[in-house]
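Asker: Provided herewith is a single structure, encoded as structure tokens, for subsequent inquiry.
Since every read-out is calculated from the coordinates, none of them should be taken as a lab result. Keep in mind it's a predicted model, so treat the numbers as computed, not measured. We place every Cβ from the backbone using ideal geometry, glycine too, and count neighbours over all the protein chains shown.
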Amino acid sequence: MSLKERTTFTLSAQVKHELESIVPKSRRSRFIEQAIIDALKEKNQKIFLWLIDDIEPVGIDLDSAELVGQLRESGINRVRP
């Protein structure tokens, strides 16, 4: 279990009222934490997809088996002391 920290933030009156009417007091912190986790995950996925879309294609004159072999070999070389 991770260490919890107290924080303060401001909500509109409407959002606060809806939160209080739907989520029991004993579960609000966890509900809000999970909502933030989900929103951050979605944001990070969008950033990741944007980065992937921004990659310029590279021409490679190898068939897939040769390419995989080279990638594996370069990975082994990086791991070896």
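Asker: In whole Å, how far is the Cα centre of the range 55-77 from that of the range 1-47?
Answerer: Computed from Cα coordinates, the inter-centre distance equals 43 Å.
Asker: Counting pairs on different chains as well as pairs 8 or more places apart, how many Lys pairs in the chain have Cα atoms under 27 Å apart? The partial results should precede the final answer.
Answerer: Values: LYS4/LYS16; LYS4/LYS25; LYS4/LYS41; LYS4/LYS43; LYS16/LYS25; LYS16/LYS41; LYS16/LYS43; LYS25/LYS41.
Going through the chain pair by pair, I get 8.
Asker: Once you have the alpha carbon radius of gyration of the chain, what is it after dividing by 2.2 N^0.38 Å, with N set to its residue count? Don't jump to the answer; show the numbers that get you there.
Answerer: Numbers: Rg = 23.3 Å, N = 81, 2.2 N^0.38 = 11.7 Å.
Relative to the 2.2 N^0.38 Å estimate, the chain comes out at 1.99.
Asker: Ordered by packing density, taken as the mean number of other Cβ atoms within 10 Å over each peptide's residues, highest first, how do 33-45, 52-64 rank? All intermediate terms of the calculation are to be shown ahead of the outcome.
Answerer: Details: 33-45: 10.4, 52-64: 6.9.
Output ranking for 33-45, 52-64: 33-45, 52-64.
Asker: What ³J(HN,Hα) values, in whole Hz, does the Karplus curve 6.51 cos²θ - 1.76 cosθ + 1.60 give for the range 50-64 when θ = phi - 60°, with x put for Gly and Pro?
Answerer: 5, 5, 5, 5, 8, 6, 7, x, 10, x, 10, 8, 10, 7, 4
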